[in-house]
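Notes follow the structure.
No lab work stands behind these numbers, since they all come straight from the coordinates. The model shown is predicted, which means the values in this text are computed figures rather than measured ones. Positions of Cβ are backbone-derived with ideal geometry, glycine not excepted, and every protein chain shown enters the neighbour counts.
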Amino acid sequence: MAKLLIRTIPFILILLVVSCAQPQGTLPEYNQQLSIEEQKIQNQLFADSWLKTYIDVSETGLNILFNAVDLCKEEDQIFGIGVDIATRYDGPEAIRSELTKALLLSDEITVVATGINTPARNAGLKAGDKIIEINSFAAPYGIDANAEFYKTIRESNDKKHKLLINRNGQDLVINVQSKKRCRFGYYVDLDNNTFNAFADGNYIALSLRMAKWLAQDELGIALVFAHELGHNANRHVDDKKTNMQAGAGIGLLLDMIARTQGVQTDFMNMGANMGAMSYSIDYENEADYLSVYAIAMSGYKIDDAANFWRRFAVEVPGSIYSKGGSHPSTSERYVRIEKTIKEVYGKINNGEKILPN
Ligand SMILES: [Zn+2]
């Protein structure tokens, strides 16, 4: 083995020298201007891809925030209708103009997504709708429209709202009754390298890479979103600055995210952090336990919930044997979740309300 290595060294050196030499051939002419045009095309493609993933997270996340509301403490419950909205001032700055193009955003409020099984979805609101009036008053408009809209809905509590919307140039009235939801917001960052999800007491955050991987499977986004909701709902972050207002405006209000396409961590560390914030293993087990209840309450078929942890193990094999640290091993998580699924089915079969013990 050593002999072979010694014999190959000169060849490696020759290769290195050769590869440092100047190219001999004549390349086709390179046009810098075309490259700049191409950058725009590629950034639009990236923005479209981010948006598709974000909408998946939004539809699923809103479903869980509304339908698992009983998991949240009363002071963490607010009223909402289940829409994710944006104007041209929203979204991560690096792709804001691309999003404006893709979603035809303006100063008016545009519906970006409606959550599955939310008042908005059930009342017939659709992505692309422009909200013109709320209860016969002009809808918020311009740079603060996003925050003002959520504030209006939140503060009017259990109220029926008459929305005048414009859909493809036609005016339409939609009546929608607001409902209780967990107050937490959510976002998908632009980080396509790290495999990460976390909850900080106000938000549920997924890295783009994590969200895209989760979206390959029916339960993926739901289960991880529900896990992070479990951390927030049971106050695993003792955040003294908890701002009751914070969660109401949702994910497209992304200005606060500093980490965009900048510094990335080592690809080999991928998945070491299902939760960049370190909780104790007990908290992780509780969040897993609550996640099964949250997705059952939100209408998902929970049978495959345990299998998710097998998929995770294949993606992040280091997590199979993990001991100590902040997270239980995927094998422990699988076994515990199997047990929880049985518990939930026991309640369903007895006609009991689906609520954790
Ligand atoms: Zn966790």
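Worth a mention:
- Counted by Cβ distance under 12 Å from Leu355, the other residues give a net charge of -1, where Lys and Arg count +1 and Asp and Glu count -1.
- Placing dummy labels 7 Å off each Cα toward the beta-carbon, the span from Ala127 to Arg235 is 3.7 nm.
- Three-way shape label, segment 41-182, alpha-carbon gyration tensor, a/c 1.5: oblate
- Segment 277-320: trypsin sites (Lys or Arg not before Pro) falling in loop per DSSP and having at most 16 other Cβ within 10 Å: Lys301
- Given Lys40/Lys212; Lys73/Lys301; Lys130/Lys160; Lys73/Lys339; Lys101/Lys159, the pairs whose alpha carbons are separated by over 30 Å: Lys101/Lys159
- For Asp171 and Gln22, the FRET efficiency from 1/(1 + (r/R0)^6), where r spans their Cβ atoms and R0 equals 56 Å, is about 0.25.
- C-alpha center-to-center spacing [segment 57-119, segment 183-218] in angstrom: 15
- Potential lengthening between Asp304 and Ala147 on full extension [0.36 nm per residue; Cα-Cα distance subtracted]: 52.8 nm
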